There are 2 protein chains.
Amino acid sequence: MASGKVVFAVSVVLLVVGLVVGILLGHYVTAPAAGGNKPPSGSSEPTVPKSYQDAVRKPDSSISGRLINGINPDKIRENLEYLSAKSHVAGSAVSLEQAEWIRDSWLEQGLDKAELTTYNVLLSYPPEKNDSQQNRIELLTSSGGAVEFTTQLREPPLDPDTDTPVGDLDILAPFNAYSGSGEIEGDIVYVNYGRVEDFHKLERELNISVIGKICIARYGKIFRGTKAAFAEKSGCLGLILYSDPLDYTVAGEPVYPDGIYLPGTGTQRGTLMSGTGDPLTPGYPAIDSAYRTPINETNLPNIPVHPIGYNDAAHFLGIMGGEETSSDWAGSISNVTYRYGPGFNATNQDKKVAMRIFTENRMANAYNTIGTIRGSVEPDRYVIIGNHRDAWGYGAVDPSSGTACMMEISRLFGSFVKDGWRPRRTIMFASWGAEEYGLIGSNEWVEEYIQKLGGRAVAYLNVDTAVIGTYTLGAFGTPNLHKTVHQAAQKIPDPNPEGKRMTVYDTWKERDFFGNTVDGNPTVGDLGSGSDYASFLQLAGISAIDLRYTFDRISTPIPAFYPLYHSVYETFTLVDRYLDPGFKYHKAMSQLMGEIARNLAESILLPMDVGVYAEYVMGYYENLRQGNIGQRLTQEGISLVYMQDAVNELSEAANAFVRRVDAADRTDVLQVRMLNDQMHRFERAFIDPQGLPGRPFVRHIVFAPSSRDAYSNDKFPGIVDTMFDIDNNPDPEKWNHVKKQLSVAIFTIKSAASVLLEVA
Amino acid sequence: MASGKVVFAVSVVLLVVGLVVGILLGHYVTAPAAGGNKPPSGSSEPTVPKSYQDAVRKPDSSISGRLINGINPDKIRENLEYLSAKSHVAGSAVSLEQAEWIRDSWLEQGLDKAELTTYNVLLSYPPEKNDSQQNRIELLTSSGGAVEFTTQLREPPLDPDTDTPVGDLDILAPFNAYSGSGEIEGDIVYVNYGRVEDFHKLERELNISVIGKICIARYGKIFRGTKAAFAEKSGCLGLILYSDPLDYTVAGEPVYPDGIYLPGTGTQRGTLMSGTGDPLTPGYPAIDSAYRTPINETNLPNIPVHPIGYNDAAHFLGIMGGEETSSDWAGSISNVTYRYGPGFNATNQDKKVAMRIFTENRMANAYNTIGTIRGSVEPDRYVIIGNHRDAWGYGAVDPSSGTACMMEISRLFGSFVKDGWRPRRTIMFASWGAEEYGLIGSNEWVEEYIQKLGGRAVAYLNVDTAVIGTYTLGAFGTPNLHKTVHQAAQKIPDPNPEGKRMTVYDTWKERDFFGNTVDGNPTVGDLGSGSDYASFLQLAGISAIDLRYTFDRISTPIPAFYPLYHSVYETFTLVDRYLDPGFKYHKAMSQLMGEIARNLAESILLPMDVGVYAEYVMGYYENLRQGNIGQRLTQEGISLVYMQDAVNELSEAANAFVRRVDAADRTDVLQVRMLNDQMHRFERAFIDPQGLPGRPFVRHIVFAPSSRDAYSNDKFPGIVDTMFDIDNNPDPEKWNHVKKQLSVAIFTIKSAASVLLEVA
């Protein structure tokens, strides 16, 4: 009996063992049966291929922490030291050398692919260092007379300890790209910031003509190319751009090499091109087969334009004649009383100004380096992180601070790939060429691959000048990515903690320089132009963000981007000694960008909130309606009722869509893909292939760089621009243009609503 | 020991039983665990939700047979009898009534959704039946003299037995839509077919000016709107369009009501608009909020244009003066010697011609009916079958023969849905309004939903005039769908079997009126314009086909589409008695279209062959290179080497892509989706948002309706048009336009290649 019990017990044990082993076998042996080519028919037993398991697998939760903890400020510092060691303007040998270094680094870091793409484009250069003629502005004793004063040909080194490379002749002398060339002579007129309202004040209020005059404008407030375009249109013979200490220094604060503010010898370089991309191939990539528009059919400036520092400017402004300007036109150069002109004061009345400008347009290569980590599940969905590489000088801030961060982000992702990880979606890294000339490298690439990007790009993340201050985060982006930035910022340790502040988000919220939004989160601003996100957003309709660490714009209300911007003093020393010793803000920026990229590349459902986007569009509409434009339209009898309907329709569609996303079955691979497609294609729906009035390649109907300042942006730019056109030059016929743009905006908003509806 | 053996045996049995049961449990208990919301994590056991099983399930193999066998010619006949019972021009009450009938029928048939979309657009109508003034052309005894002859105001009924409705006053009197209005008087000039070469012959060879003359052109060869545009541009005061018996009859063959050929009273109506879509809302949908272009900013004709039959034409042509025409200009009206004019012969030299045209443009509603069967697996992928509904008269051929077929196809699919079936992808049915005026209903719909369609539409299948003869299939389509048509045609029983011919394909191959292609299949022609596929293909870049049964164009070489086209004699009787008694060709057409739709909606991997597309593009390039254009470019020193590279690149990319499709793992849901996305988006890559020169809304770089005849098409139209412009009006500067268009074509082909590459 005992043996009977044993037999029974053994039998039960064997049965149980058999069952358990069987269940495990039955389960796992079929489970990873993986990737066979035989399609299962409807009725036979289903198998679970590895591809399905991958498609529904949650992201590896350890990656976020490994990324954030892994970012190493010493490596960022090393990257920056290399990248800012030499002057590396677009088209130069050093720029190519860096493009190749980035490619090689990416391959070494573990990216799947990294390669250069080259575009042959129209760039612009000042005379070579040994040319007999150099760009300069002269004060003449009289018309055609002797030269009494000449502006500096180059910026002198100021800090002998660390400015070793500064003043070396490889750096380009100060100039404005695409300036007209020629030698001109004339009387001077002061045009303040050179904005349209400044020219209007001179012409309409003060009755001072700028026609045939050499205009002098201070830098700041708006994009310099817009100043040049207004100056030429207004009839100026030439334009001098100078940096006024009021705009580039703070009283009592030390200038470089003792601080971050602009010394009197510092000069801002920069492009004058108002469009985006190679001026000879608008709308198409500058590939070998491209047709090049004859240069006289482009809208590049014809007049000479040249930048100087405030030491030089004092020689001209200090002896000007005419009325003293109103206080809002006055700068702060010592011992200068600001006057409108024209010409010089009684003591100097015979003196003239000569501009001798030999800047030339020249064909050159813009190199992009593109690195790729192939997505494991959705390789055909791209999250793109990019920054330009070219700089006017050493470019330690613009753009190398961003590239130094990007290279550290790619190092981390590459190391995860080496460890066997792979993101759900493809991550691309891009180092753009010739951004400084007009966002050329990124624009040509977007133009070349627009069909591919239109179907596949999820978002574009821009890291240009990563750190221009340490006060708070300055974030800009399309509304569907606001939450994505907030969530990431909440995960990043605060580089400047104080009191209860623990994360980047905490300080950002406390120091929000836009004022908090209604939902209590810090503000993410709107994108204008001025860096490489522009073609992604405004040509291809790809959602984008642009981030940096910035200074306190309230306590330091300078209209400059940052004081030493585009001068020769943007050196490694500047960053290492003053802007971010220890590189902890660079570290935070890298962590933040990396985490945002990870989230976009890894989440099963994309973290792109169309509900927030719809709220913003509603808000822009309310601003339009309640503001000056709304009042004018009402006076003209133009109804906004269809626009009201359209924004309501968008809100409802977005809310319903968000509910569907919340209820989505994450194991339903195609349902997830459909919802994601709707999410990332949503931005595309705001693109009108016909473009904005007069700007065929600026196609986003909600956001566009302002026509009156490419750095800032307008909402519903078609309406804003046609209204502005009426104000500027009234003609009853022009109301038809406004009506048409209103109807285009309405249709486009409705179209965006329709892509969010149930798919069939 | 024995018991030991038993114990061992029992143990083994129990272990085996346990294993087997366990394996089965392990397998099946987890297998159909279906659709849970809990996402499986990476390491825990995977489940197989129903959504995955659906996504990899093969199409139901019985549907194809049930569809083909289920098409019922009697039901098609019934559909046609209803649809052609009353005149139903766009904007009429009957057209709306039919739109609603179609909607109700679709809902009854089992479609998930059916609804009307309405666009308020500019149409054009002749005077009302009771208006005192009717459109007419008069022969006057002298300038301002008495009326000697007036053209018929309406086409008389000819067959008292069946033409009961014919001649009722609800049918529109003959007219040309969008004609200018006015009463004019003058001498007549004969301009043959009114092609550009005809006007050139008169002006350049014969030195006969048409300026200030009333031109008379015969219908045929090219689109009538192009004739009107050339006539106006050439300076004609007005244009008479008539149908010559040479082009609309066959000697010895009976005319209506005894046969299918045009009687002397028959008159072809038709639009004169050269563009596509509502003339007041180019590029945007004519929704309530749309801005309408002032009519004087459109390019609608300004001169009066009016159609007549050959009985009426004889009164003018029979007394014309001037030289006798060359034989290629002579028609075949009895007792008429064709002369160029100007004016009449000696006996009648004082006589003048007056055109009194009161046609008016008027805002009216175009109604589309859209019916939907929601896809089970990929509801966000659309296969669209469409036809227009509006007709100039009874429209028994154009368009109701197609609609009668479409309604039978929808009946079958609806019945399968009622039985529990559902296609993998969404199938949409569309009944378009106002096609006759310029493809308006379909164009406005494509414009309204272009963002949605751009991401989701797989293909558009057009069934307009389904049967104009019984000789063979006439198929037109984008190259990626050629094989799809071939495969379907091989499944459809031949309605005209003879000898070894068993299927539609067999007869089609034997009677291929284009000449066989290299691969031994019958030819599928290229798409021009002239029916509703145009906006899908040329505006949105959606692959398309257009099918009909046609007569033998070799033995019956009439240049007319078909003899009674757009006349009042396009009646149900015509179809039922002469064109397709028994409706077996309608049946075959329905089977064919239905099977193509089924295949596109059901196949796991889309049946769209990009390899064939690449071969065709290569062929078009070779034709260009070897032809006149290639020679001229070579003479001008313009190299085709980049274009050669581009077509090679496309070929290689397409071949590699086809290999990837062949090797695809059909159980990998996302891989399949990616390949399908690449396939259906491939056509989009040929779209240039900037459009063709002078035609911003014709955007396909490979195919476009010819600028010199909207019915036919050009390959690489940008190059063809700019070359033609040089020929027409030589100017060395214009070579830049050619170069630019060449570079655009090259870039676009390379872009199409790039969307076929590996995705990351």
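Some points to look at:
- Amide H partners (placed H, <5 Å) of A:GLU360, local residues excluded: A:TYR125
- Measuring between their Cα centroids, region B:219-280 and region B:630-679 lie 41 Å from each other.
- Calculated over region B:516-560, the projected area of the Cα convex hull averaged across directions stands at 4.4 nm².
- With label points set 7 Å from Cα along Cα→Cβ, the inter-copy distances at A:PRO732 are 4.9 nm, sorted shortest first.
- Helix B:224-234 axis, angle to chain B major axis (alpha carbon atoms, nearest 10°): 50
- Where a label projected 7 Å from the Cα of A:TYR578 along Cα→Cβ would reach, residues of region A:531-553 with amide N under 18 Å: A:549-553
- A simple count of charges around B:GLU436, restricted to other residues whose Cβ falls under 9 Å of its Cβ and scoring Lys, Arg +1 and Asp, Glu -1, yields -2.
- Available extension along the chain between A:GLN626 and A:LYS58 is 199.9 nm, counting 0.36 nm per residue and deducting the alpha carbon span.
- Whether region A:304-358 is rounded, prolate or oblate, judged on the alpha carbon gyration tensor where a/c under 1.5 counts as rounded: oblate
- Paramagnetic reach from A:SER143 (point 7 Å along Cα→Cβ, amide N under 20 Å) across region A:312-331: A:320-322
- Chain B, relative contact order [Cα under 8 Å, separation at least 6], %: 16
- Relative contact order of region B:506-569: 20 percent, from C-alpha pairs under 8 Å at least 6 residues apart in sequence.
- Folded to 0 to 90 degrees: helix A:400-418 orientation relative to chain A principal axis, Cα: 10
- FRET efficiency for A:ASP104 and A:SER651, using Cβ-Cβ distance with R0 set to 51 Å, rounded to 0.05: 0.55
- Between B:SER334 and A:GLU510, the distance separating the two model label sites (each 7 Å from Cα on the Cα→Cβ line) works out to 10.4 nm.
- Cross-link pairs A:LYS750/B:LYS452; A:LYS86/A:LYS584; B:LYS213/B:LYS352 - those with Cα-Cα distance over 19 Å: A:LYS86/A:LYS584
- Summary for A:ARG660: label point 7 Å along Cα→Cβ; distances to the equivalent points in the other copies, ascending, 2.8 nm.
- Neighbour count of at most 14 Cβ within 10 Å plus DSSP loop: longest GluC sites (Glu not before Pro)-free window in chain B: B:129-322
- FRET efficiency, 1/(1 + (r/R0)^6) with R0 56 Å, evaluated for B:LYS233 and A:GLN487 via beta carbons: 0.35
- Across peptide A:287-297, the mean count of Cβ atoms from other chains lying within 10 Å of each residue's own Cβ comes to 5.
- Translational diffusion of the protein assembly as shown, estimated by Stokes-Einstein from the Kirkwood radius over alpha carbon pairs at 4 °C in a medium of 1.567 mPa s, is 36 µm² per second.
- Taking a point 7 Å from the Cα of B:SER327 along the Cα-to-Cβ direction, the residues of region B:181-218 with backbone N closer than 19 Å to it are B:192-193.
- Reach of B:LYS509 by Cα under 18 Å, taken over lysines that are not fewer than 8 positions away in the same chain: B:LYS483, B:LYS491, B:LYS500
- Between helix A:641-662 and chain A: long-axis angle, C-alpha atoms, 0 to 90°, nearest 10: 40
- Relative contact order of region A:344-498, pairs being alpha-carbon contacts under 8 Å that are 6 or more residues apart, as %: 32
- In nanometers and ordered shortest first, the copy-to-copy spacing of the A:GLY144 label point, defined 7 Å from Cα toward Cβ, is 7.2.
- Antiparallel DSSP beta bridges within region B:166-315, percent to nearest 5: 5
- The equivalent ellipsoid that matches the C-alpha gyration tensor of chain B spans semi-axes of 54, 30, 23 angstrom, in descending order.
- Here's how it looks for A:ARG381: its modeled amide H is under 5 Å from those of A:THR426, which are all 5 or more places away or on a different chain.
- For region A:614-626, Karplus couplings with θ = phi - 60° (6.51, -1.76, 1.60), whole Hz, Gly/Pro x: 4, 4, 5, 4, 4, x, 4, 4, 4, 4, 4, 4, 7
- Two-site FRET efficiency, A:ASN302 against B:GLU498, from Cβ-Cβ distance with R₀ of 56 Å, rounded to 0.05: 0.15
- Residue-by-residue Karplus 3J(HN,Hα) for region A:254-267, coefficients 6.51, -1.76, 1.60, Hz, glycine and proline x: x, 8, 4, x, 9, x, 9, 8, 7, x, x, 8, x, 10
- Placing a pseudo-label 7 Å from each Cα along the Cα-to-Cβ vector at A:ALA346 and A:ASP258 gives an inter-label distance of 3.9 nm.
- Separation of region B:63-124 from region A:180-217 is 68 Å, based on Cα centroids.
- Cα centroid of region A:527-559 to Cα centroid of region A:292-306, whole Å: 27
- Surface accessible to a 1.4 Å probe, B:ARG425 within the full protein complex, Å²: 0
The values are calculated or read from the model by the stated rules, or taken from the named source; none is laboratory data. Because the structure is a prediction, the values reported are computed rather than measured. Heads up, the Cβs are rebuilt from the backbone with ideal geometry, glycines too, and the neighbour counts pull from every protein chain shown. These accessible areas exclude ligands, DNA and RNA; they are computed on the full protein's heavy atoms, side chains included. Shrake-Rupley method; radii C 1.70, N 1.55, O 1.52, S 1.80 Å.
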